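For reference, the structure discussed in these notes is given below.
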Amino acid sequence: MKRILLIFLIIPLISFVEVPNNKYFEISKNLEIFTNLYKQLNIDYVDELDPGGLMRICIDAMLVSLDPYTNYISESQIESYRFQTEGKFDGLGAQTKVIDDMVTITDIYDVSPAKTAGLKVGDQIISVDGNATEGMSKEEVRKLMQGADGTSFNVIVKRIGERKELPFTVQRSQVNVTNVPYSGFVADSIGYVILTTFTQNASKNIVKAIKELRTENPDLKGLVFDLRNNGGGLLMEAINVSNLFIPKGEEVVTTKGKVKERSRTYKTLSNPLDLDIPLTILTNKSSASASEIVAGVLQDYDRGVIIGQRSYGKGLVQITKDIGYNSKLKITTSKYYIPSGRCIQSVEYADGEPKDIPDSIRTSFKTRNGRPVLDGGGITPDVSLKHAEISEILKQIKSENLIFKFINQWTLNNPTISTYEDFGFNEYDKFLAFLNAQGFEYKSTAQSKQESLLAHLQENDYGTDLIDEVTALHQKIKSSDDKALEANKIEIINDIEMEIVKRYYEEKEKILFTLKNDVEVQKAIQIITNSSEYDKLLK
């Protein structure tokens, strides 16, 4: 472990040749102090220590003092890292979650070892190659499943509706998850393309999708480009995607950092795919990094209308460095600036998340057409739409996994459902009965706070008049909470429907189902089909 730390800290010394001489002594001194401390803890501490776990705590504590994106990637996290950068990994090909102390499959990729083996959503993983998994984290279970491509492992699962535990053999293979899971038409001659991550070949896949749309309908009149919930990825793919819609030789992004070699300007290198098609770009608060580069560039050049909510606000560039033993350091090296000159990095953080700072303290810049745009906190849409926040009661229902468990039971009696276009859930009374059988009791934040206040008043003898007033208010809040299941019925049903569709259909059908009532897509269609409104927004 001492060797790992020395590699971890010395590599930056070798890289940054311009470190002032007076810093070398400080670095050397503190390395020696840390090494001696770490050694003595492992030798003399009263209880047995886990050297790897102790080192991880040390590393995390050091990095937490920096920005949220400088991270240590351990050997056990490499698969997740590969998925984020390459869109592929070796493993089960399923999403899991710990439910009732058991790692449970919550979603399965369309082409994956899990699906080939016959595993299903809802399966609880009882053991892997004879190793009991009860009480394990999903990371620990995933580690048991790791192995070379082409090898296999055995799992035993507990499945709803089956009395006996079921054995399966899973053949390990590389899982490739496409970054363009759907493209098609959302209105007459209006195309739609969704990009979920800026992994390798993102731009090529978008080109392929748009060309297929033109083949299907040569009279393509507009494009809805969906970057919602896209957390970013590779910088070069962001540049390539921007290049599809702006001319060759245009500035896309400039990076500026402490090391001169990290500061450079990137321009488009190829001829564009289309400079004229009306374009709308959908963003939300989870559109980050590379998504913000593309949305910001298209906004700065007045090439498309941004619709939705302000993006995340990540204007920092990271690189990764190998630091030995199949582990990496992802380190922030520079900030990026888009063509108007603005940096969209959020300037304030709270608990590792960007704070939504008011426009009044953000600096104004100009797009090519002279429209004002702001820095200091993400891309502000040209057309802002309020995002529907999930209700407190639905959050509580989902946190207790009650919709998931209900659907596990529901699927036993419904081996098939109607097409995704026609499907609708109309058994809300059965869901309410299920909640009741599970002992579900909703308590809002307001009710919890009122109960605490009432208890405090009673304990400290604040007098009957005040206690009676607070008690009356508490009863009103409780009465409102008792009606919450009915008041939020539509929202809860929508969530149930989406979760049911996930069990029966593949990724394209799932996306099409969500698009049926997508307010932001409908707004994009409206703007594209109204040329005067589209032009007015950009000019």
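The values are calculated or read from the model by the stated rules, or taken from the named source; none is laboratory data. Here the structure is a predicted model, which means the values were calculated and not measured. With ideal geometry, Cβ positions are generated from the backbone for all residues, glycine too; neighbour counts draw on all protein chains shown.
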### Task
Name every residue in the stretch 56-110 that is at pLDDT 85 or above, assigned to a strand (DSSP E or B) and either among the aromatic types (F, W, Y) or more than 28 Å from N154 (Cβ to Cβ) (or both), in order of residue number.
N71, Y72
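Let's see how each residue does on (1) more than 24 Å from the chain's Cα centre (by Cα); (2) more than 22 Å from A187 (Cα to Cα); (3) among the basic types (K, R):
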| position | (1), (2), (3) |
| --- | --- |
| E441 | yes, yes, no |
| Y462 | yes, yes, no |
| E486 | yes, yes, no |
| R503 | no, yes, yes |
| E509 | no, no, no |
| F513 | no, no, no |
| Q522 | no, no, no |
| S532 | yes, no, no |
#### Entry: Members of the stretch 153-169 that are β-branched (V, I, T) and modelled with pLDDT under 95
I160
### Task
Check the stretch 470-477 and report whether any residue there is at pLDDT 85 or above and under 29 Å from the mean Cα position of the chain (by Cα).
no
### Message
Conditions first: (1) more than 30 Å from T283 (Cα to Cα); (2) surrounded by fewer than 16 Cβ atoms within 10 Å (Cβ to Cβ). D188 passes all but one, so which condition is the exception?
### Response
(1)
### Task
Considering (1) surrounded by 11 or more Cβ atoms within 10 Å (Cβ to Cβ); (2) without any contact (Cβ under 8 Å) to a residue 60 or more places away in the chain; (3) not in a loop (DSSP other than H, G, I, E, B); (4) not hydrophobic (A, V, I, L, M, F, W, C), say which one K443 fails and leave the rest.
(3)
### Query
Do we find that K405 is touching a residue at least 12 places away in the same chain (Cβ under 8 Å) and more than 30 Å from K483 (Cβ to Cβ) in this structure?
no
### Query
Are there any strands (runs of 3 or more DSSP E) wholly within the stretch 177-286 with 2 or more residues that are of a type in the set (K, R), and if so which?
264-267
### Filter result for R264 (assigned by TED's automatic domain parsing to the domain that holds V224, among the basic types (K, R) and surrounded by 14 or more Cβ atoms within 10 Å (Cβ to Cβ))
no
### Query
Mind checking whether some residue in the stretch 438-454 is farther than 30 Å from G308 by Cβ, modelled with pLDDT of 95 or more and of a type in the set (S, T, N, Q)?
yes
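Here's a check for you: in the stretch 111-130, which residue that is in a loop (DSSP other than H, G, I, E, B) and crowded, with 17+ Cβ neighbours inside 10 Å is modelled with the lowest pLDDT? Steps first, answer last, please.
Start the filter on the stretch 111-130 by keeping residues that are in a loop (DSSP other than H, G, I, E, B), which leaves 111-112, 118-123, 129-130.
The next check asks that each one be crowded, with 17+ Cβ neighbours inside 10 Å; those that pass are 112, 119-123.
Values: S112: 90, L119: 96, K120: 94, V121: 94, G122: 95, D123: 96.
Step by step, filter the stretch 111-130, then rank; the result is S112.
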